[in-house]
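J.: Pasting a structure below so you can have a look.
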Amino acid sequence: MDHRRRVPRTDVVLADPRLEAAAARLGRGAIKAAVIAAQERARAGEIAPEEVADAAVAALPAGMRAVHNATGVVLHTNLGRAALSAAAIEAVVTAAGSTDVELDLGTGRRARRGRDALGALAAAVPDAGGVHVVNNGAAALVLTATALAAGREIVVSRGEMVEIGDGFRLPELLESTGARLREVGTTNRTSVADYTAAITPDTGFVLKVHPSNFVVRGFTSAAGIAELAGAVTVPVVADIGSGLLRPDPLLPDEPDAATTLRAGADLVVASGDKLLGGPQAGLLLGAAPLVERLRRHPLARALRVDKLTLAALHATVTGPVTPTWQALRTDPELLRERTERLRDDVGAGEVVPSVAVVGGGGAPDLELPSWALALPERYAAPLRQGDPPVAGRVERGRLLLDLRCVGAGHDAAVAGAIRAVLQDGD
Ligand SMILES: *Cc1c(COP(=O)(O)O)cnc(C)c1O
């Protein structure tokens, strides 16, 4: 059989609507290259001539895909932690072109970069005399350790030497700056006296780390921020992890920036994309001179956030409630109704109780009662690779689809993706 003759011409393949649509996104050059590669595969007999367009579409770079989070994990690290609010997404789109991130439109002069976002944070946490934002929580710690303790000591409890995930450990991160860790206390108990006994003229600061992804129970005690701040003269830095700016009654065990500063911490370090529900960012809030030192440190330039982050952060702090906030508070009864509707819509599965969690972002003890559509486990992979992709959770041989972290407006899209996979499977 002569494959060559039957291989469709380039202009014929390029007229495929899927490839035409992709050309707007990826440019003509990339589409043409994919078509030529597919034609070559057809000539080599690897694929049939009528598969050229499909092969070209499949070979196009997809980029990051939007995934429906039906895992029941509110802040899922592998799904990008916090989903941005509609307001934050709109702000990101607006800021994507040329924007006044560092320009005062009134005077035409240079202005402080990200002043809107920083101002919003300062207004939300009046106890913070100074505010700065860097790339993420880890960067905020690195900047703090470098500026305040490089070549000196950081005093930290043995109970707070945390691994944050993917093999990254806070002690190693801190030591990478040239600071030395002065470990005090034990895994389960550390007293104020342990800290004060360790402080020398070589101490840069005392660090308190919130164990956001584990809990120690039983015979335990830890020095509180207030006691510690009253007992030492060096700065007390608190890594609160989650990014709550104010107390949240739903999350009584999660520290917040306002309360931590009022208790006497000199500096609070937190993430922007955990419970705050914003973009990936590292928040630094605290005593004005301390924050100014960090802001002016040469390393600050290397850890600077981009305009998209600043735009999303501003909209998150000033805007309506975030998807994270909503997911934490959705009424289980409402979730049961939505899940039943989903089952009726797809005509398959069983509605079962589920337990949702906050996830890597904090509150390891909090269980959020929820509901899920249970399907056979074999649907997990095709749903993940479906259109749109839906990520569920496999538990005891079943695939559970928990709608708690799926925006209410997206149920129909999730149903459509499930139906497509069920039809394919039949
Ligand atoms: C998450 C976390 C970090 C790291 O923050 P990133 O924004 O992920 O870099 C540091 N400390 C604590 C206590 C955390 O929970």
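The values are calculated or read from the model by the stated rules, or taken from the named source; none is laboratory data. Everything quoted here is computed from the prediction, not taken from an experiment. No Cβ is skipped: glycine too gets one built from the backbone with ideal geometry, and neighbour counts run over all protein chains shown. Areas reflect the complete protein model, heavy atoms only, side chains present, ligands, DNA and RNA absent. Shrake-Rupley method; radii C 1.70, N 1.55, O 1.52, S 1.80 Å.
J.: Rounded to a whole number, what % of the accessible area of the chain do carbon and sulfur atoms account for, probe 1.4 Å? Intermediate results must be reported in sequence, preceding the final value.
T.: Details: 10790 of 20570 Å².
Here it works out to 52 percent.
J.: Now for a separate question. State the dimensionless ratio Rg/Rh of the chain (Rg: radius of gyration of Cα atoms; Rh: Kirkwood radius).
T.: Values: Rg = 25.9 Å, Rh = 24.4 Å.
With Rg and the Kirkwood Rh in hand, the quotient comes to 1.06.
J.: When only the heavy atoms of the protein chains count and the probe is 1.4 Å, how do Val321, Val421 rank by accessible area, highest first? Display every interim value, and only then the final one.
T.: Working: Val321 70, Val421 15 Å².
Largest accessible area first, the residues go Val321, Val421.
J.: Over the Cα atoms of region 337-397, what Rg and Dmax result, in angstrom?
T.: Taking only Cα atoms of region 337-397, I get Rg and Dmax of 13.0, 36 Å.
J.: Enter the Cα centre distance for the pair region 219-244 and region 374-426, rounded to the nearest angstrom.
T.: 43
J.: Also: I'd like the antiparallel share, as a percent to the nearest 5, of DSSP beta bridges with both residues in the chain.
T.: Working: 29 of 51 bridges.
Percentage antiparallel, nearest 5: 55.
J.: Rg/Rh for region 86-320: what does it come to with C-alpha atoms and Rh from Kirkwood?
T.: On the way: Rg = 17.8 Å, Rh = 18.2 Å.
We get a ratio of 0.98 for region 86-320.
J.: Relative to the first principal axis of the alpha-carbon coordinates of the chain, what is the inclination of helix 86-95, with its axis defined by its Cα atoms, in degrees from 0 to 90 and to the nearest 10?
T.: Tilt relative to the chain: about 90 degrees.
J.: Of the peptides 269-279, 381-391, 118-128, how do they stack up when ordered by the mean number of other Cβ atoms within 10 Å, highest first?
T.: Numbers: 269-279: 28.4, 381-391: 16.8, 118-128: 18.6.
For the peptides 269-279, 381-391, 118-128, the packing ranking is 269-279, 118-128, 381-391.
J.: Mind checking the per residue accessible area of the chain for me, 1.4 Å probe, whole number of Å²? Could you put the intermediate results ahead of the total?
T.: On the way: 20570 Å² over 426 residues.
Solvent-accessible surface per residue comes out at 48 Å².
J.: Stretched out fully, how many nm does the piece from Ala231 to Arg28 gain, at 0.36 nm a residue minus the Cα gap? Kindly include the intermediate steps, with their values, before the conclusion.
T.: On the way: separation 203, 0.36 × 203 = 73.08 nm, distance 6.64 nm.
Full extension of this stretch gives 66.4 nm more.
J.: Another one. With θ set to phi - 60°, apply the Karplus curve 6.51 cos²θ - 1.76 cosθ + 1.60 along region 184-189 and write out the HN-Hα couplings as whole Hz, x wherever there is a Gly or Pro.
T.: Going residue by residue, I get 10, x, 10, 4, 9, 9 Hz, with x marking Gly and Pro.
J.: Can I get the semi-axes of region 111-211's equivalent ellipsoid? Compute them from the C-alpha gyration tensor as square roots of 5 times the eigenvalues, in angstrom, largest first.
T.: Values: eigenvalues 147, 49, 42 Å².
So the equivalent ellipsoid measures 27, 16, 15 Å along its semi-axes.
J.: By how many degrees, 0 to 90 and rounded to 10, does the Cα axis of helix 17-26 deviate from the longest principal axis of the chain?
T.: The two axes meet at around 30 degrees.
J.: Which loop GluC sites (Glu not before Pro) in region 1-79, with loop taken from DSSP, have no more than 16 other Cβ atoms within 10 angstrom of their Cβ?
T.: Values: sites: Glu20, Glu40, Glu46, Glu50, Glu51; in loops: Glu46.
In loop regions of region 1-79 (DSSP not H, G, I, E or B), the sparsely surrounded GluC sites (Glu not before Pro) are Glu46.
J.: Could you work out how far apart the two model spin labels at Ala193 and Glu163 are, taking each label as a point 7 Å from the Cα in the direction of the beta carbon, and quote it in nm?
T.: My value for the distance between the label points is 3.4 nm.
J.: Looking at region 139-189 from every direction and averaging, what is the projected area of its Cα convex hull in nm²? Working shown, then result.
T.: Working: hull surface 13.9 nm².
About 3.5 nm², averaged over all directions.
J.: How about Lys274: which lysines have a C-alpha closer than 24 Å to its C-alpha, ignoring those fewer than 8 places off in the same chain?
T.: Within the straight-line cut-off, Lys274 pairs with Lys208, Lys307.
J.: Restricting to DSSP H runs of at least four residues, report the calculated mean residue ellipticity at 222 nm for the chain, -39500 (n - 2.57) per run over all residues, nearest 500 deg cm²/dmol.
T.: Numbers: 19 runs with 170 residues, N = 426.
Rounded to the nearest 500, it is -11000 deg cm²/dmol.
J.: What order do Ser176, Ser212, Ser221 take when sorted by accessible area (1.4 Å probe), most exposed first? If you can, show how the numbers build up before the last one.
T.: Values: Ser176 90, Ser212 10, Ser221 50 Å².
Ranked list, largest accessible area first: Ser176, Ser221, Ser212.
J.: Follow-up. Can you return the aspartates and glutamates within cross-link range of Lys32? Criterion is Cα-Cα under 14 Å, with same-chain partners fewer than 8 residues away left out.
T.: Lys32 reaches Asp11, Asp16, Glu20, Glu40, Asp54.
J.: Using modelled backbone amide H atoms (1.01 Å from N, in-plane), which distant-in-sequence or interchain residues come within less than 5 Å of Ile154's amide H?
T.: Amide H neighbours of Ile154: Arg180, Leu181, Arg182, Gly204.
J.: How much accessible surface area, in Å² rounded to 10, belongs to the heavy atoms of Arg28 with a 1.4 Å probe?
T.: Accessible surface of Arg28 is approximately 140 Å².
J.: How do Lys32, Lys307, Lys208 rank by accessible surface area computed with a 1.4 Å probe, from largest to smallest? Don't skip to the answer; put the middle values down first.
T.: Working: Lys32 105, Lys307 65, Lys208 25 Å².
Largest accessible area first, the residues go Lys32, Lys307, Lys208.
J.: According to a simple spin-label model (label point 7 Å from Cα along Cα-to-Cβ), what is the distance in nm between Thr220 and Thr99?
T.: If labels sit at Thr99 and Thr220, their model points lie 3.9 nm apart.
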